[in-house]
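Here's the structure we're looking at; comments come further down.
The values are calculated or read from the model by the stated rules, or taken from the named source; none is laboratory data. These figures come from a predicted structure and were not determined experimentally. Here the Cβ positions follow ideal geometry from the backbone for every residue, glycine too, while neighbour counts run over all protein chains shown.
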Amino acid sequence: MRRLSVVMPNFNYEAFVGAAIDSALAVRWPDVEVVVVDDGSTDGSRDVIESYGTRITAIFQDNAGPRVACNTGFAASTGDVVIFLDSDDVLEPSVAQHIADAWGPGISKVQFPMTRIDRHGNPAGGVFPAFDRVPTPDQIRTWMRATSAYPTPPGSGNAYSREFLERLFPLDGRCGEDTDSSTLAAAPFLGDVVTLSTPLVRYRQHGENRSFLLSDEGRFAQQIDQAYRRHLFALEVSGSELDDLRPLFRGRHLLQLRVAHRRLRPHERPIPTDSAWRMFRNALSAPFAPGPEGIAHRVMVSGWSLATLMAPRPLARRLIAARFRQGGTGFLRRAAAVAPG
């Protein structure tokens, strides 16, 4: 690794973007480039960004969404390794050295756990993903092919090869507006995904970014639709049959989203070929599908899915609320760790 580019899209994160920029500038590496793209913020973000002068490359554009902002930032960057840092997250100073130590030919990305912090920067709930064992690139590729999922952190916890990114960028809207949906899905098929066990970024949880599915039942459908799009994109990238949805239906995390959505909104079908009968079959086979989870977790997913499918609707709602309660349980955190994107 020669130059590290930190590309940072920002929208109305005046309270956090300064800390994110400071962390990128504090990375201990001889050649670090910081590109900040403000996506039409209406708060005081511009003043904060402009205060860094020539120490960063600052780009200001009309609001177009995070995908377009990342396209703009990547086009302006020059590093052979690129991190897309969310503007409310914070890099550890040693991140570049750890990446460089792991880097080698054929790598699409290096991924690393994230430490949860609250809006004030204080520790807030441990590290994710929690790797029981660090997976090999071949294991990740196998899991992705078999279940359309693998253990991965979201956006800021990934450092990508420029050569890999140039095969995807500029990103179109096939995987939605989240940049990492496309990159996480394609990475195992276009190179090796190398996993580090050391947390190298701090993920800030606050009211503006915390995903809470139960606050809007429609979010289940959105998550399922995104997974469906991501899978179709991965099939195209990998050269697989474009109508092969079997891996998607084997995914244990997605199974729980499908079951919850089915009981909450039974007349909607985010995946056209899905059905209650398919969910029953997937729940029965859930303990046996490939993946990094232990047997206890697999059985728990299977049992919860079957119980939720068969329970009277009021009880099903209680089971869904317990499973997807804000803040999560150990069960929730472990399940979320294997969903790309």
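One residue alone among 47, 118 is among the acidic types (Asp, Glu), at pLDDT below 95 and either surrounded by fewer than 17 Cβ atoms within 10 Å (Cβ to Cβ) or in contact with a Cys (Cβ under 6 Å, 6 or more places away or on another chain) (or both), and that residue is 118. For region 221-274, which residues satisfy the criterion of being surrounded by 15 or more Cβ atoms within 10 Å (Cβ to Cβ), under 21 Å from residue 299 (Cα atoms) and not hydrophobic (A, V, I, L, M, F, W, C)? Hits for region 221-274 are 247, 250, 251, 252, 253, 256, 258, 261, 262, 263.
Quick check on my filter: what residues within region 125-143 are of a type in the set (D, E, K, R) and either under 18 Å from residue 253 (Cα atoms) or part of a strand (DSSP E or B) (or both)?
If we filter region 125-143 for residues that are of a type in the set (D, E, K, R), which is where we start, we get 132-133, 138, 141.
Once the filter is applied, which keeps residues that are of a type in the set (D, E, K, R) and either under 18 Å from residue 253 (Cα atoms) or part of a strand (DSSP E or B) (or both), region 125-143 yields 132, 141.
Looking across region 21-38 at every residue that is buried (at least 24 other Cβ atoms within 10 Å of the Cβ) and not β-branched (Val, Ile, Thr), the one that is nearest to residue 161 (Cα to Cα) is identified as 24.
Could you give every pair whose Cβ atoms fall below 8 Å, whose first residue belongs to region 1-16 and is surrounded by 18 or more Cβ atoms within 10 Å (Cβ to Cβ) and at pLDDT below 95, and whose second residue is small (Gly, Ala, Ser) and not in a loop (DSSP other than H, G, I, E, B), counting only separations of at least 6 or pairs across chains? From region 1-16, the pairs are 1/96; 1/100.
Can you pull out the residues in region 177-189 that are surrounded by 19 or more Cβ atoms within 10 Å (Cβ to Cβ) and either of a type outside the set (Ser, Thr, Tyr) or part of a loop (DSSP other than H, G, I, E, B) (or both)? Lay out the reasoning, then the answer.
Initial filter on region 177-189 (surrounded by 19 or more Cβ atoms within 10 Å (Cβ to Cβ)): 178-188.
Selection gives 178, 180, 184, 185, 186, 187, 188.
Can you name the residue in region 281-340 that is in a loop (DSSP other than H, G, I, E, B) and modelled with pLDDT of 95 or more and is also surrounded by the fewest Cβ atoms within 10 Å (Cβ to Cβ) among such residues? Result: 312. Each residue in region 147-194 was checked for being touching a residue at least 60 places away in the same chain (Cβ under 8 Å) and aromatic (Phe, Trp, Tyr), and 3 of them qualify.
Look at (1) out of contact with any Lys or Arg (no Cβ under 8 Å at 6 or more places or on another chain); (2) of a type in the set (Gly, Ala, Ser); (3) under 29 Å from residue 122 (Cβ atoms); (4) touching a residue at least 40 places away in the same chain (Cβ under 8 Å) and you find that residue 44 fails only one, number (4).
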